[in-house]
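> Pasting in a structure now, in structure tokens, and then I'll have a few things to ask.
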Amino acid sequence: MTRPEAPPAHAAGSPPPDLATGAADVGAATFRRAWADLAPVGRSPDGAGYHRFAWTREDHALREWFAGEAAARGLDLVTDRAGNQWAWWGDPDAGPGVVTGSHLDSVPGGGAFDGPLGVVSAFAALDVLRARDVRPARPLGIACFGDEEGARFGVACAGSRLLTGVLDPDRARGLRDADGTTMADALATAGRNPSDLGPDHEALARVGAFVELHVEQGRGLVHSGDPVGVGRMIWPHGRWRVDLRGAPNHAGTTPLADRDDPMLDLAAFVQHVRAAALDAGALATVGKVRVEPNGVNAIPSQVTAWLDVRAEDERRVRAVLTALAAYAPHEESWTPVTVLDADLADEVATALGTAGLGSPRLGTGAGHDAGILAAAGVPTAMLFVRNPTGVSHAPAESADEADCLTGVGALAAALERLLTR
Ligand code: HGY
Ligand code: MN
Ligand code: MN
């Protein structure tokens, strides 16, 4: 029996074949199957979104899924010292390579797309490249960064910050979730050695360029009429904790005049946050509070509030913090403005052009592992896929399947250009 001859490798620099050919069908089939695989993991039965937090049972299922996708394709699976997963096509030490991917964890009650769209599209794009018989000149990695949202332990992009050394491993090990479990204990429960946690220069050095595909978290592409766009910059942003203390007492026996009620301070704080953001031209959010002891019939002893502030420039963020200085906000994380690599963005845009796609440039107020890698000196680009609702971090987050498949085609075109140049 003779095997059918492989189609000729697609030459570097020539336009990729029409995305409506068999390779695109392969990408679509992968996308649909992988999307269906992930759909039930961590989904709340009442439809109120996804709960996929770091080092939980759901996180484990997602990691197993990623490992299974890697194994099914014969990719080398590596988990770095920060707990991020990498699946390599080609010898990762023959690089530096081109890496794509995103994250699989979610915010509480999050949507299906923020993160998973980039990971699923990465596997689908790899399948497209293989179906086209593209012969990469360098290795291709698919990354799944751990704990991007920081939903459990409070620090966003914990996996990429640990990898690049901007999050101190001792501090990370000591971070506590709402139940008081430390990250160290959560790692141990998940079967990892907490003392392994730390920067991983070897894993980072393998990344010659990183392209993160992500659902747009706004309606820029709805307005421009494009299914996909290219990232330009990420706004500076950070998280702060404010501790409001009071005197706990009985709800039924303490006269109003005698109360020291931190819930009133919280109400005033939230109003101040809004006013300070308006004044500064920034975005500021109090989206998480903890009340102690959290009893219906008890004046609280303490309220802890978390503040998220973002703006186009750092001056505006600092203006909000200055206006709130009386609350002594404690910084839990800070990400400076990130201007994504203009040359890489041009390469991606050129690849999109050869695939017949426009490439509007978008800035974003959302944080990404791409920003952390860019700050560590890795040439980094982002591809955004249109989101008709513009909603994110909520169940209404969405993208049409046709746009997702265009995103797969766009990512494949970009990777092909970067892998064969
Ligand atoms: O919070 C953010 O912007 C990101 O989604 N982690
Ligand atoms: Mn997010
Ligand atoms: Mn994300």
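The values are calculated or read from the model by the stated rules, or taken from the named source; none is laboratory data. If you're wondering where the values come from, they're calculated on a predicted model, not measured in any experiment. Here the Cβ is made from the backbone with ideal geometry for all residues, glycine too, and neighbour counts use every protein chain on show. Just the protein is used for accessible areas: all its heavy atoms, side chains included, with ligands, DNA and RNA removed. Shrake-Rupley method; radii C 1.70, N 1.55, O 1.52, S 1.80 Å.
> For the ranges 190-198, 154-162, what's the packing order if you count other beta-carbon atoms within 10 Å of each residue, average per peptide, and put the highest first?
On the way: 190-198: 14.6, 154-162: 25.8.
With the highest mean Cβ count within 10 Å placed first, the list reads 154-162, 190-198.
> Would you mind working out the magnitude of the charge dipole of the range 171-238 relative to its Cα centre, with +1 at each Lys and Arg C-beta and -1 at each Asp and Glu C-beta, to the nearest 20 Debye? Let's see the in-between values first.
Working: 7 positive and 9 negative charges, 33 e Å.
Value, rounded to 20: 160 debye.
> What list of ³J(HN,Hα) couplings, whole Hz, do you get for the range 55-63 from phi and the Karplus terms 6.51, -1.76, 1.60, once you set θ to phi - 60° and write x for glycine and proline?
Karplus-based 3J(HN,Hα) across the range 55-63 equals 6, 10, 4, 5, 4, 4, 4, 5, 5 Hz.
> With label points built 7 Å along Cα→Cβ from the Cα atoms of residue 318 and residue 343, find their separation and express it in nm.
If labels sit at residue 318 and residue 343, their model points lie 3.1 nm apart.
> What does the net charge come to around residue 33 if you take all other residues with beta carbon closer than 12 Å to its beta carbon, with K and R at +1 and D and E at -1? Show your work: numbers first, answer last.
Working: positive: 32; negative: 37, 69, 127.
Neighbour charge sum, excluding residue 33 itself: -2.
> Still on this structure, please answer the following. Compute, for the chain, the length of the dipole vector about the Cα centre, with Cβ point charges of +1 (Lys, Arg) and -1 (Asp, Glu) only. Units Debye, rounded to 20. Spell out each step's value before the answer.
Working: 37 positive and 54 negative charges, 34 e Å.
Here the size comes out at about 160 debye.
> Compute the Kirkwood hydrodynamic radius of the chain, taking the inverse of the mean of 1/r over all pairs of distinct Cα atoms, and give it in Å to one decimal. Don't skip to the answer; put the middle values down first.
Numbers: mean 1/r = 0.0444 Å⁻¹.
Over the chain, the inverse of the mean reciprocal pair distance is 22.5 Å.
> Which residues' amide hydrogens lie under 5 Å from the amide hydrogen of residue 237, considering only partners 5 or more residues apart or on another chain, with H built in the peptide plane?
It is 335, by chain and number.
> Compute the helix-to-body angle for 262-280: its Cα long axis versus the longest principal axis of the chain, expressed 0 to 90° and rounded to tens.
Tilt of helix 262-280: around 50 degrees.
> With axes computed from alpha carbons, what is the tilt in degrees of helix 116-131 against the longest principal axis of the chain, rounded to the nearest 10 within 0 to 90?
The helix 116-131 is inclined about 10 degrees to the chain.
> Measure nothing but the geometry: give the 0 to 90° angle between the long axis through the Cα atoms of 22-38 and the longest principal axis through the Cα atoms of the chain, rounded to 10°.
The angle comes out at about 30 degrees.
> Moving to a separate point now. Before anything else, pin down the relative contact order of the chain: Cα pairs under 8 Å, at least 6 apart, normalised by residue count, whole percent. Kindly include the intermediate steps, with their values, before the conclusion.
Working: 935 pairs, mean separation 92.8, N = 421.
Computed over the chain, the figure is 22 percent.
> Among 277, 304, 322, which residue has its Cα positioned farthest towards the positive end of the charge dipole of the range 237-335, with +1 placed on the Cβ of Lys and Arg, -1 on the Cβ of Asp and Glu, and the dipole taken about the Cα centre?
Result: 277.
> Just the number, please: carbon plus sulfur as a percent of the accessible area of the chain, 1.4 Å probe, no ligands or DNA/RNA counted. Working shown, then result.
Details: 9300 of 17770 Å².
Whole-percent figure for carbon plus sulfur exposure: 52.
> How large is ³J(HN,Hα), in whole Hz, for each residue of the range 316-331 in order, when computed from phi with the Karplus curve 6.51 cos²θ - 1.76 cosθ + 1.60 and θ = phi - 60°, using x for Gly and Pro?
So the J values, rounded to whole Hz, are 5, 4, 5, 5, 5, 5, 5, 5, 9, 4, 4, 8, 6, x, 9, 6.
> Return the sequence-ordered ³J(HN,Hα) values of the range 66-72 in whole Hz as given by the Karplus equation 6.51 cos²θ - 1.76 cosθ + 1.60 applied to θ = phi - 60°, using x for Gly and Pro.
3J(HN,Hα) across the range 66-72, in whole Hz: 4, 4, x, 5, 5, 5, 4.
> Are there chymotrypsin sites (Phe, Trp or Tyr not before Pro) in the range 77-109 that DSSP puts in a loop and that have at most 14 other Cβ atoms within 10 Å, and which ones? Mind showing how you got there, number by number?
Numbers: sites: 86, 88, 89; in loops: none.
Sparse-neighbourhood loop chymotrypsin sites (Phe, Trp or Tyr not before Pro): none present.
> Given a 1.4 angstrom probe, what's the average accessible area per residue across the chain, in square angstrom?
42 Å²
> Looking at 87, 48, 66, which one has the Cα that reaches farthest to the positive end of the dipole of the range 38-94 (charges on Cβ: Lys, Arg +1; Asp, Glu -1)?
Result: 48, furthest along the dipole toward the positive end.
> With +1 on each Lys and Arg Cβ and -1 on each Asp and Glu Cβ, how big is the dipole of the range 237-335 about its Cα centre, in debye rounded to the nearest 20? Walk me through the intermediate numbers first.
Values: 11 positive and 13 negative charges, 33 e Å.
Computed about the Cα centre, the dipole is about 160 debye.
> Could you please report the charge total around residue 195, scoring K, R as +1 and D, E as -1 over all other residues with beta-carbon less than 12 angstrom from its beta-carbon? Could the numbers behind the result be given before it?
Details: positive: 81, 173, 192; negative: 170, 196.
For residues surrounding residue 195, the net value is +1.
> Over all alpha-carbon pairs of the range 237-335, lay out the pair-distance distribution in 5 Å bins, whole %, shortest bin first.
All Cα pairs, binned at 5 Å, distribute as 3, 14, 24, 21, 14, 11, 8, 5, 2, 0 percent.
> Can you tally the net charge around residue 361? Count Lys and Arg as +1, Asp and Glu as -1, for every other residue whose Cβ sits under 13 Å from the Cβ of residue 361.
On the way: positive: 232; negative: 216, 226, 341, 346.
Taking every Cβ under 13 Å from that of residue 361, the sum is -3.
> Taking 0.36 nm per residue of sequence separation and subtracting the Cα-Cα distance, how much length would be gained by fully extending the chain between residue 354 and residue 170, in nm to one decimal? Walk me through the numbers on the way to the answer.
Working: separation 184, 0.36 × 184 = 66.24 nm, distance 4.72 nm.
The residue 354-residue 170 span can extend by a further 61.5 nm.
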